[in-house]
Ligand code: FES
């Protein structure tokens, strides 16, 4: 928990269950804060091939169990139908929990044992 009024606590759960607590500058976009902390919302293939946070490519999705109300058309649909929200369209203005989505490409090979 942060005591600084200019920062907000964001608790991030990675797909493997590992938890990270970030102190994020109030008003920053969630995508930027996640990337800066090394907790990318992208899949490996879209790490570089994305729209740069313009809300166009839908590759930066995360789950926000108690995030702010959606105000982007994609996010309104996401909230309605239960799919991930665009982290590039979420301004961090309150403490929130973030769940990173496992975005491994299906069809990938298991490690040889
Ligand atoms: S980075 Fe493209 S929609 Fe978020």
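Computed from the coordinates by the stated procedures, all read-outs in this text should not be read as laboratory data. The model shown is predicted, which means the values in this text are computed figures rather than measured ones. Cβ atoms come from the backbone with ideal geometry, glycine included; neighbour counts cover every protein chain shown.
Below is a table of values for the structure above.
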| quantity | calculated |
| --- | --- |
| Rg(Cα)/(2.2 N^0.38 Å) for the chain, N = residue count | 1.08 |
| Within the chain, percent of DSSP bridges classed antiparallel, to nearest 5 | 75 |
| Computed [θ] at 222 nm, deg cm²/dmol, the chain (DSSP H ≥ 4; -39,500 (n - 2.57); rounded to nearest 500) | -4000 deg cm²/dmol |
| In nm, spacing of pseudo-spin labels at residue 20 and residue 57 (7 Å Cα→C-beta vector) | 1.9 |
| FRET efficiency estimate (nearest 0.05) - Cβ-Cβ, residue 81 to residue 32, R0 35 angstrom | 0.85 |
| By average C-beta atoms within 10 angstrom, highest first, the peptides 11-22, 54-65 | 54-65, 11-22 |
| Relative contact order (%) - the chain, alpha-carbon pairs under 8 angstrom, separation at least six | 34 |
